[in-house]
Every structure is written in structure tokens, then in C-alpha cells.
Amino acid sequence: MVGDVHLLTLEAFDVSNQHHELATIVYRIAEARGLRALQVRNAHRPEPFTLAAEWMILARAADAIDKIARALAPLHDKREIRVRNQARAAHADVRVWTDDSSSLLRILE
């Protein structure tokens, strides 16, 4: 049996989780570091190797995020994926996680 494999690179984070809404945390960290973030989610499908996944793409330049969003737009329009660039107000009440301060209770779904 294959276990969960999570993407964690300098530019992208796999935030797939059934119990915690981790995308909000990545949005807040990105904001704190002056980065733009784009959330991409695909649904589980019955074909092999198409499990549901959610990931975040980060970039310093807004035009880089906009270019990626435009490239993904055809898949979004066909409802194969969902692309979202969350407004800051949607997560403003969540504190930025640090080594000294993080709470799963704030992001439980």
C-alpha cells in the first residue's frame, strides 16, 4: 500500500488534509513573507492515479501567479480543477503560524 506523499518544495506545498484547512495557513505565511499564493484543488476521480489533492503555489511576483492561473483556466472552466486566489479578508482573523505560535483548533473543518 502506498502512503500519503506530500509535496513540499520552495515554491509549492501540498495542503491536502481531510480535517484541517491548511491553505489558510499557507496564505498567511505567504503574506507575511511578501509572496502571492494560488490555491489549486482537484477532485477524486475513479481513474487510476487521480486522488483528490490540494496544493498551493507561491511566487514573489503577482504576474507569475497570474500567468499560472491563466494557464490553468481551461481546466478550471471544465471543472477538472478549482483555482482560487483567496482575498486577504477571507483569512485575516487567522494568525500567522510560527515555531512559537500555532493552533490547529483555529483551522479545524
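The values are calculated or read from the model by the stated rules, or taken from the named source; none is laboratory data. Computed from a prediction, not measured in an experiment: that's the story for all the values here. Neighbour counts are summed over all protein chains in view; Cβ atoms, including those assigned to glycine, are modelled from backbone coordinates with ideal geometry. Side chains are part of the model used for accessible areas, which takes the heavy atoms of the whole protein and leaves out ligands, DNA and RNA. Shrake-Rupley method; radii C 1.70, N 1.55, O 1.52, S 1.80 Å.
So here's what we get for this one:
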quantity	calculated
Those residues of region 36-51 which are open to solvent by 30 Å² or more (accessible area, probe 1.4 Å) and more than 13 Å from the chain's Cα centre (by Cα), in sequence order	Ala43, His44, Arg45, Pro46, Glu47, Pro48, Phe49, Leu51
Neighbours by Cβ (under 6 Å, 6+ apart or cross-chain): first from region 67-87, in contact (Cβ under 8 Å) with a residue 40 or more places away in the chain; second outside any helix (DSSP H, G or I)	Ile81/Val40; Ile81/Asn42; Arg82/Arg41; Val83/Val40; Arg84/Gln39; Asn85/Leu38
Checklist (1) open to solvent by 70 Å² or more (accessible area, probe 1.4 Å); (2) at pLDDT 85 or above; (3) under 20 Å from Asp14 (Cβ atoms) applied to Lys67, failing item	(3)
Flag for Gln18 being open to solvent by 80 Å² or more (accessible area, probe 1.4 Å) and either in a loop (DSSP other than H, G, I, E, B) or modelled with pLDDT under 75 (or both)	yes
Qualifying position, being modelled with pLDDT under 85, outside any loop (DSSP other than H, G, I, E, B) and open to solvent by 60 Å² or more (accessible area, probe 1.4 Å), among Arg106, Arg82, Arg95	Arg106
Check on Arg70, more than 20 Å from Val96 (Cβ to Cβ) and not in a strand (DSSP E or B)	yes
